[in-house]
Amino acid sequence: MAKESTPHEPQVPESELESTVDTPASEETATETPSHEEEIQALKDQNLRLYAEFENFRRRNARERLDLMATANEKVLKSVLPIVDDFERALNNIGEDSPERVGMDLIYTKLMNTLKSEGLKEMESTVGHVFDVETMEAITNIPAPSPDMAGKVVDQIEKGYLLGSKIIRYAKVVVADQHPA
């Protein structure tokens, strides 16, 4: 049956209409199939990248949280260190046999044990060691008392401290000149 024509359309038999309609649709489907597969592959790739990025974010966030918890007390511990220094100076100026010394030793021991439980560690004494810029801060240089002491630490003014493995205060030292004047 032929399609009824309107004044603007030419009259075309139905068999020709079906063949003209089917041909472009089948060509369009053939060309769209690879593009759909490419689009699917691109979306899979995007999904994989977003998942990997999220996993990296999650790991980094967890690591930062652990670091923050490990060093959360750093500011407080840094502010307590001058008090510990004053306490040690006071202990050095009180006689060994005095009754005040016994009480101050107990308090000092308790304070240091509490700080150690929070992760604070004293750096080992640096006197006699070669000056190391990674762990020490030179306050001044003096002429070397002997040639073998040149470049070594002669005196330690303040102890250095670690919080875990991080240095929170460098040891302040006096270093012997390598080239005496």
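Details
- Gyration tensor (alpha-carbon) shape descriptor, segment 48-133, a/c threshold 1.5: prolate
- Partners of K75 within straight-line reach, counting lysines whose Cα lies under 23 Å from its Cα and excluding those fewer than 8 residues away in the same chain: K110, K116, K121, K159, K166, K172.
- Three-way shape label, segment 74-176, alpha-carbon gyration tensor, a/c 1.5: oblate
- Here the extension length gained between N93 and D148 equals 16.6 nm, from 0.36 nm per residue of separation less the Cα-Cα distance.
- Distant-in-sequence amide contacts of I142, defined by a placed amide H-H separation under 5 Å and a gap of 5 or more residues or a different chain, comprise V175, A176, D177.
- Annotation: amide H of D155 within the under-5 Å range of V174, sequence separation 5 or more or interchain, hydrogens built in the peptide plane.
- Residue-by-residue Karplus 3J(HN,Hα) for segment 78-94, coefficients 6.51, -1.76, 1.60, Hz, glycine and proline x: 4, 6, 7, 4, x, 5, 4, 4, 4, 4, 5, 5, 5, 5, 5, 9, 9
Each value in this text was obtained by applying a stated rule to the coordinates, not by laboratory testing. From a predicted model like this one, the values you see are computed outputs, not experimental measurements.
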